[in-house]
Amino acid sequence: MSLSRKRRKALERLKGTAEDLWVDQQAVLDRANAILREAGKQASYLADEEVKPRVKSAVDTGAVALSKRAADVKVAGETVKHRFTTEVLPALAGTIGSAAAVLQASNNPEFVKQAGAKVSKASKALQPAPKPSAGSKVGLVFVISLGVVTAVGLGYALWQTFRADDELWIADEDPEPETSPES
């Protein structure tokens, strides 16, 4: 294809302009890459100088507080366990032992005679006119004694378990104020 001289010159100028534009675009891209690399370096420095210390401080403070709370909970649990084994269980065992002793004594014929005699004396003292006895009141005495001993023992065990004890409570500490680094 044959082009006129005028068209050839216009195409040559266009080709030169396109090459100049290409060179300019390469320079702009190189400059943009250099700026991005510098921005990345500055972001890394900022993270190392500002963000990492704050995050580390927050994590350390949280870890210390968590470990302190865990230690406090462990101490409180051990105290409760100690109190339960040294106060509640012995009281409960004593109550059960007393009830068993009353039950064992009620099976003893001599106890039955003595209890019957005491019940009859008490009933004679309280009542103006003696009524004919319909039967032995040993069962009633046994049931009342067992109920009283059980109620007292359970009351004591509950009182020991739920009483306000200052050693079991751990006071909250005020959090330390955060210090902000000056820019």
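The values are calculated or read from the model by the stated rules, or taken from the named source; none is laboratory data. Just so it is clear, the model here is predicted, and its values are computed rather than measured. Because the Cβ atoms are built from the backbone with ideal geometry, glycine has one as well, and the counts that use them run over all protein chains shown. Surface accessibility is based on the protein's heavy atoms, side chains included, excluding ligands, DNA and RNA. Shrake-Rupley method; radii C 1.70, N 1.55, O 1.52, S 1.80 Å.
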From highest to lowest solvent-accessible area (probe 1.4 Å; ligands, DNA and RNA excluded), Phe84, Phe162, Phe142 read Phe162, Phe84, Phe142
Simple SL model, points at 7 angstrom along Cα→Cβ for Thr161 and Ser67; separation in nm is 3.6
